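Below is one structure; the comments refer to it alone.
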Protein chains: 2
Amino acid sequence: MDRPTIYDVATAAGVATSTVSRSFSTPNRVNAETRQHVLAVAARLGYRPNPHARALLSGRHHTVAMVVSDITNPHYFELIRGAEMRAKASEYTLVLVNAEESPRIEYDQIQRLVPAVDGFVLAASRLPDENLTQIAAQRPTVLMNRQVRGLPSVVLDHVSGCRQIVEHLASLGHRHLVYLAGPENSWMAATRWSALRHAADALGLRSQRIGPFTPKVSQGGPAADGALHSRATAIVAHNDLLAIGVLQRLRQRSVRVPEDVSVVGFDDIFAAELCTPSLTTLGGAHAEVGRAAVEILLQANGPARDGADPPQVALPTELMLRSSTADARETPAT
Amino acid sequence: MDRPTIYDVATAAGVATSTVSRSFSTPNRVNAETRQHVLAVAARLGYRPNPHARALLSGRHHTVAMVVSDITNPHYFELIRGAEMRAKASEYTLVLVNAEESPRIEYDQIQRLVPAVDGFVLAASRLPDENLTQIAAQRPTVLMNRQVRGLPSVVLDHVSGCRQIVEHLASLGHRHLVYLAGPENSWMAATRWSALRHAADALGLRSQRIGPFTPKVSQGGPAADGALHSRATAIVAHNDLLAIGVLQRLRQRSVRVPEDVSVVGFDDIFAAELCTPSLTTLGGAHAEVGRAAVEILLQANGPARDGADPPQVALPTELMLRSSTADARETPAT
DNA sequence: ATCTGGACGGCAATGGGTTGCCAACCAGTT
DNA sequence: AACTGGTTGGCAACCCATTGCCGTCCAGAT
């Protein structure tokens, strides 16, 4: 007993296949009574449309692909979660792809999926702007935590967030901060540094950047050593993983946090409030970023919004004050 | 300029579409020279096969669906990671579905995907055995952290793992443990309790179970209170999230860990070694579970392994000794 | 010179829906 | 009674790759 097709339903209901098809996809092209009858028969037979057959001609797949630059990072889980839930709510299927921090893998995977999905949400893409624009020309594309002129995007507002961080540090008497930069081709890393620097300038703090570092716990060692060498009193790490690695290294070197130096992270991952000392970090509704990105994508598949600029959403951030930041020491640790 | 089809390639190469198709899928049905030529032309045109058209007739989709009972739990992300990587290695696409702990959602989503995927990997499925068997009859299915007679599965060996836990506790002088149970329909919860009880019996420890609890941090409050009420000296929580919640509640109630009670978790999530005190927990190569499950699934699509019993893999666990377990107190805390 | 069989390429049906176009029908106008 | 326009259902082409089957060709055997 094979899965029934539209033909089986049509025969059983005594109508043409087109009527069956329209009963599902174009309800108002068919008489209400006829439709009811068809749907009843379909339900009785246990009919379910074959998504491939549907996609082949119509081009609509009811599928979106989410590409993540590094699935290892727990921060992305929240994005994935938000995206998955939003997709499911509209009966869309979410395809998950890990780019392993490699632009080449990212690009190849996307090209492979182009004919199979309705659109892409790219989380912290490592691809250059031109590639993104080109991909967006093939399929609707929404960026997460990345902005490119002319493309829709959802980001957490890091400009405001970085200002919050610097104001917080300044209010504690810090005069010199060091930013432990993320990967070279990370838009986020560039944005954070630029925002930190401007905020620091505005408030008269000295700021410097070292790195880049791969944002993992394991990189915390060299990052912490570099930060101490800079003699800054406040360390702003590219993300929480790196910050946690820094905390571990500082403890190892008997540098006290927050007494000797303050440490700030980004992302507010689950572990940030559990580590010792608990980590001051810039949080935000990450799941909401995922949700919003898919939302925009689904709208892009709907009525054309010609001319209108693509939406560039910036969601608010909030600085989670915890125990890793405190008054600046007079003399920074060495 | 639309994406080129097999027809465009055929025309450009001066052959029939069937030759083009065979150049890709049945290399030895076509002359080597012809094939080279076709591939060259295809590459020049930037041809990529349309997966839907391919799936429609051949039935092979190069896609596997992974269904997760609760995407919120960081533990699953390791499974997802492993599964994603293994799928990508074989150029398979991974579809991710969250069942939100609801058997009904889980079942519906699976049925929706049946015609679109080559098989399922189900992580900690909450469905009853009959449903799983029925699904497996429709598409190859591999279970993760769940075992059902006659179905392939990959689990961490919790029988041995629970024995390790109990032996560890016994060696510290504990005589009474309490298990904070997970969800009612969780196979894992039943397995853990059964294994703990047997190991406890064998070593002459008293064991009891309370719950069920939803395994989240927020449930740690009631769980901890119940555990204290039991007057056991050792608490074994269904997973690390619950254990972390328990630690928080115990601190709030000024019960010292590990001096007054010992706490053990399961999963060894990232946060387990960062919380205070760091958590003794049963770890294992979770990503490997995901990897192995997809591996088995892909093999199932290959040569038929008739008669042979479906593989039931049990991967080793390891007890991560940290600071939340220590010698039992003479008199348990109240 | 004829036969045999393997290698190779092409024709056309196939899978399961979707949709443009046409025809039938009906009610309401004039 | 003839005409108009809107609603509804059916026919058949279409999407794109796969594959069963057949025909051609050529080398080697007899």
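The values are calculated or read from the model by the stated rules, or taken from the named source; none is laboratory data. Here the structure is a predicted model, which is why all the values come from computation and not from measurement. Neighbour counts run over all protein chains shown; Cβ positions are idealised from the backbone, glycine included.
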Close pairs (7 angstrom Cβ cut-off, 6 or more residues apart or separate chains): in contact (Cβ under 8 Å) with a residue 24 or more places away in the chain and more than 8 Å from chain A (Cβ to nearest Cβ) in the range B:93-119, part of a helix (DSSP H, G or I) and not hydrophobic (A, V, I, L, M, F, W, C) anywhere: B:99/B:106; B:99/B:109; B:107/B:131; B:118/B:301; B:119/B:301
Hits in the range A:45-78 (condition: free of Cβ contacts under 8 Å to residues at least 24 places away in the same chain and more than 16 Å from DNA strand D (Cβ to nearest atom)): A:77
Some residue of the range B:124-137 being in contact with a Pro (Cβ under 9 Å, 6 or more places away or on another chain), closer than 18 Å to residue B:63 by Cβ, at pLDDT below 95 and more than 14 Å from every other protein chain (Cβ to nearest Cβ): yes
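Could you check the range B:263-293 and list, in sequence order, the residues that are within 13 Å of the chain's Cα centre (by Cα) and either surrounded by fewer than 21 Cβ atoms within 10 Å (Cβ to Cβ) or not in a strand (DSSP E or B) (or both)? Spell out the reasoning first.
If we filter the range B:263-293 for residues that are within 13 Å of the chain's Cα centre (by Cα), which is where we start, we get B:267, B:284-293.
Selection gives B:267, B:285, B:286, B:287, B:288, B:289, B:290, B:291, B:292, B:293.
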Residue in the range B:96-115 that is in a helix (DSSP H, G or I), at pLDDT below 90 and within 11 Å of DNA strand C (Cβ to nearest atom) present: yes
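Residue by residue, here is whether (1) closer than 30 Å to residue B:114 by Cβ; (2) modelled with pLDDT of 90 or more; (3) of a type in the set (A, V, I, L, M, F, W, C) holds:
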site	(1), (2), (3)
B:9	no, yes, yes
B:14	no, yes, no
B:27	no, no, no
B:38	no, yes, yes
B:58	yes, no, no
B:76	yes, no, no
B:83	yes, yes, yes
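Return yes when residue B:24 is aromatic (Phe, Trp, Tyr), closer than 30 Å to residue B:96 by Cα and more than 7 Å from DNA strand D (Cβ to nearest atom) and no when it is not.
Numbers: aromatic (Phe, Trp, Tyr): yes; closer than 30 Å to residue B:96 by Cα: yes; more than 7 Å from DNA strand D (Cβ to nearest atom): no.
Considered against the rule, which asks whether it is aromatic (Phe, Trp, Tyr), closer than 30 Å to residue B:96 by Cα and more than 7 Å from DNA strand D (Cβ to nearest atom), residue B:24 comes out as no.
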Odd one out for residue A:163 among (1) under 17 Å from the mean Cα position of the chain (by Cα); (2) away from chain B (no Cβ under 14 Å): (1)
Lone unmet requirement of (1) among the small types (Gly, Ala, Ser); (2) at negative phi; (3) surrounded by 19 or more Cβ atoms within 10 Å (Cβ to Cβ) for residue A:211: (2)
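Listed here are the residues, each with its yes/no results for (1) charged (D, E, K, R); (2) over 22 Å from residue B:272 (Cα atoms); (3) buried (at least 20 other Cβ atoms within 10 Å of the Cβ).
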{"residue": "A:179", "(1), (2), (3)": "no, yes, yes"}
{"residue": "A:186", "(1), (2), (3)": "no, yes, yes"}
{"residue": "A:197", "(1), (2), (3)": "yes, yes, no"}
{"residue": "A:223", "(1), (2), (3)": "no, yes, yes"}
{"residue": "A:233", "(1), (2), (3)": "no, yes, yes"}
{"residue": "A:244", "(1), (2), (3)": "no, no, yes"}
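Name the residue that is surrounded by the fewest Cβ atoms within 10 Å (Cβ to Cβ), counting only residues in the range A:83-92 that are part of a helix (DSSP H, G or I) and within 10 Å of chain B (Cβ to nearest Cβ).
A:85
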Residue count for the range B:249-262, restricted to those that are surrounded by 19 or more Cβ atoms within 10 Å (Cβ to Cβ) and either outside any loop (DSSP other than H, G, I, E, B) or within 27 Å of the chain's Cα centre (by Cα) (or both): 3
Residues being within 20 Å of residue B:283 (Cβ to Cβ) and modelled with pLDDT of 95 or more - total across the range B:190-216: 6
Among (1) within 21 Å of residue A:286 (Cα to Cα); (2) at pLDDT 95 or above, the one test that residue A:173 misses: (1)
Members of the range A:149-177 found to be of a type outside the set (Val, Ile, Thr), within 20 Å of residue A:290 (Cα to Cα) and crowded, with 19+ Cβ neighbours inside 10 Å, listed by number: A:151, A:152, A:153, A:156, A:158, A:161
